[in-house]
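First the structure, in the form of structure tokens, and then the observations on it.
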Amino acid sequence: MPRSTSCFTPRLLAAACLLAITATACQPKTAGDAGKSAKPIVIGLSLDTVREERWQRDRDEFVKHAKELGAEVRVQVANNDDARQNAQCENLLTQGVDVLVVAPHNSESAATIVQAAHKAGVPVVAYDRLIKNCDVDLYLSFDNVQVGRLQAGYAVKQVPKGRYQLIAGAPTDNNAHLFRQGQLEVLDPYVKRGDITIVGDQWATDWQPVEALKIMENALTRNANKIDAVVVSNDGLAGGAIQALAEQKLTGKVVVTGQDAELSACQRVLAGTQSMTVYKSIRALARRGAEVAILLARKQPVPDATGKIANGFKDIPAILIAPVAVDKANMDSTVVADGFHSAAELASGAPPK
Ligand code: BGC
């Protein structure tokens, strides 16, 4: 390993980062403030939605950790509405937040939020979802292309030859495109060889499970139930697809992928009605989110933002956390070991009908 990197393991960097934050989170904002009482940093957290279980955890872990670090968080939820998210962010800026952390509903139109924030001298973190075509300060997420590779990789292992339906997420969410990119990377060679036929490829507006239900019902009708695998981009949509499979008594007979390790999805994986999910440590993401927000508010560098992602405007500094594929075999060593769901919680749910 080169000398320059050997002494900066991610853990050490995170520790150094944390030290820097705790030392500064409660300091006066400017030299001019010195001597006056320290004003805590105020973070504006703008979420698109809290419908999926994971976003509730994102919010709770973020707020908790920010508080531990001496910062205050003001949370807004846009409920899948671009205009509302814009207005909420404008409002947070008017309130004088020091930094904005945004999980955008629309990866394109959220650029106006970044422009407004920068006009007010406020840095912006694109949280989990990228904001495109603007000078956003930092992108903090998971390796989302890898999420797609894990989903399709799992499916082709189970069904190396067969008929595949694809159900992607919201076209307005850049992540949905990254998941799809990773899925196609894996599937393309199989399709080219003629081993896999993609019988349908649809996107679900706003990640709505009911859309996945309809897509899957139609796909089954069109294909006289002859579908071997469904590459679904998240657990919410997987729930909808599985409901359609259940109507045809096909649950457990068709490979279905997912993502988020939602409690109900993990229970389905254990019950055999969903094949796999992808676990992403929301705790790690949210805690990191609070830490980098404080660093940016302090105009301090973020030492581990060593990745880069092109957003159409420039290469944005990025921190990408690794996702993990989960099925029955490694549920205990991943989701349970990490404290995401307890064994008792997993056992408590009767398998969803
Ligand atoms: C997130 C997923 C989530 C989906 C729907 C995506 O941007 O990465 O974890 O399931 O949005 O909220």
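The values are calculated or read from the model by the stated rules, or taken from the named source; none is laboratory data. For clarity, every value in this text was computed on a predicted model and none was experimentally measured. Glycine also receives a Cβ, built like all others from the backbone with ideal geometry; neighbour counts cover every protein chain displayed. Each accessible area value is taken on the protein alone, full model and side chains, heavy atoms only, with ligands, DNA and RNA left out. Shrake-Rupley method; radii C 1.70, N 1.55, O 1.52, S 1.80 Å.
What to note about this one:
- Of everything in segment 96-145 that is among the basic types (Lys, Arg) and touching a residue at least 60 places away in the same chain (Cβ under 8 Å), the residue that is nearest to the ligand (Cβ to nearest atom) is ARG129.
- Residues of segment 184-194 classified as among the aromatic types (Phe, Trp, Tyr) and surrounded by fewer than 17 Cβ atoms within 10 Å (Cβ to Cβ), total: 0
- GLY289 falls short of the stated requirement of being assigned to a loop (DSSP other than H, G, I, E, B) and out of contact with any Pro (no Cβ under 8 Å at 6 or more places or on another chain).
- Residues within segment 146-183 that are within 12 Å of the ligand (Cβ to nearest atom), under 13 Å from GLY258 (Cβ atoms) and surrounded by fewer than 24 Cβ atoms within 10 Å (Cβ to Cβ), tallied: 0
- Among the numbered conditions (1) open to solvent by 30 Å² or more (accessible area, probe 1.4 Å); (2) touching a helix residue (DSSP H, G or I) at 6+ places or on another chain (Cβ under 6 Å); (3) in contact (Cβ under 8 Å) with a residue 24 or more places away in the chain; (4) assigned by TED's automatic domain parsing to the domain that holds ALA219, the only one that ALA246 does not meet is (2).
- Within the set VAL256, VAL292, the sole residue that is surrounded by 24 or more Cβ atoms within 10 Å (Cβ to Cβ) and more than 30 Å from ALA117 (Cβ to Cβ) turns out to be VAL256.
- Taken over segment 249-290, the criterion of being within 16 Å of the ligand (Cβ to nearest atom), more than 14 Å from the chain's Cα centre (by Cα) and without any contact (Cβ under 8 Å) to a residue 40 or more places away in the chain is satisfied by VAL256, ALA265, GLN274.
- Whichever residue in segment 301-337 is among the aliphatic types (A, V, I, L, M) and assigned to a loop (DSSP other than H, G, I, E, B) and, among such residues, is surrounded by the fewest Cβ atoms within 10 Å (Cβ to Cβ): ALA337
- Within segment 224-241, if we keep just the residues that are aliphatic (A, V, I, L, M) and within 15 Å of the ligand (Cβ to nearest atom), the residue that is nearest to LYS161 (Cα to Cα) turns out to be VAL231.
- Residues of segment 46-81 that turn out to be of a type in the set (D, E, K, R), open to solvent by 50 Å² or more (accessible area, probe 1.4 Å) and within 16 Å of the ligand (Cβ to nearest atom), as a count: 6
- Note on segment 73-86: residues that are touching a strand residue (DSSP E or B) at 6+ places or on another chain (Cβ under 9 Å) and over 18 Å from LEU295 (Cα atoms) amount to 6.
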